[in-house]
Amino acid sequence: MRGGKLFETSINGHITTRSNQKIGDWNDRLETKFSNLSSFPPSRKISIDAKFWISSHRFHDSHSLDLDNLIKPVLDIMTKINVIDDDASIYDLNITKFPTEGEQQLQIVAWEWL
C-alpha cells in the first residue's frame, strides 16, 4: 500500500538502455536530475511508477526497449547516487511505455510503501 509521496520528477532526452551506444548521455541526464533529490533511509520501503514516452519510430522497432531494459539504468543510477539504498528496497514497481511524436521523456514518481 502506498503512503506519502517521496518525489516526482521528469527527465527529457533520448531514452536508452544498456545495450544502446548512447547510454552515456542518458545516464548523465539521470544523474543530474536525481542528484537534486534527497536520499532515503536504507530501511525505507519504496513504491515506484515509471512512465516512458519513446519516439514512435523507435517504439516498435527495438527489442532493447523491453520494460526491464528501460528501468535497469534508472534504478542503477538511483542506487549509485544514493537516492535509494538498493533496488531491493523497492516493493512495488509499475513501468509503462508509450509512443510519442514529441520529445522522449521519463516521468517517475516514488512513494513510501507501507
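The values are calculated or read from the model by the stated rules, or taken from the named source; none is laboratory data. Computed from a predicted model, the values in this text were never measured in an experiment. All Cβ positions, even for glycine, are placed from backbone atoms using ideal geometry, and neighbour counts span all protein chains on display. Accessible surface is based on the protein model in full, side chains and every heavy atom, while ligands, DNA and RNA are left aside. Shrake-Rupley method; radii C 1.70, N 1.55, O 1.52, S 1.80 Å.
A few comments on the model shown:
- Flag not set for Leu30, criterion: surrounded by 14 or more Cβ atoms within 10 Å (Cβ to Cβ), more than 14 Å from the chain's Cα centre (by Cα) and either aromatic (Phe, Trp, Tyr) or modelled with pLDDT of 85 or more (or both).
- Checking each residue of segment 5-26 against the condition of being of a type in the set (A, V, I, L, M) and open to solvent by 40 Å² or more (accessible area, probe 1.4 Å) gives at least one match.
- Phe40 meets all of the listed conditions (1) of a type outside the set (Asp, Glu); (2) modelled with pLDDT of 90 or more; (3) under 27 Å from Leu114 (Cα atoms) but one, namely (2).
- Qualifying residue in segment 74-86 (condition: open to solvent by 60 Å² or more (accessible area, probe 1.4 Å) and over 20 Å from Trp26 (Cβ atoms)): yes
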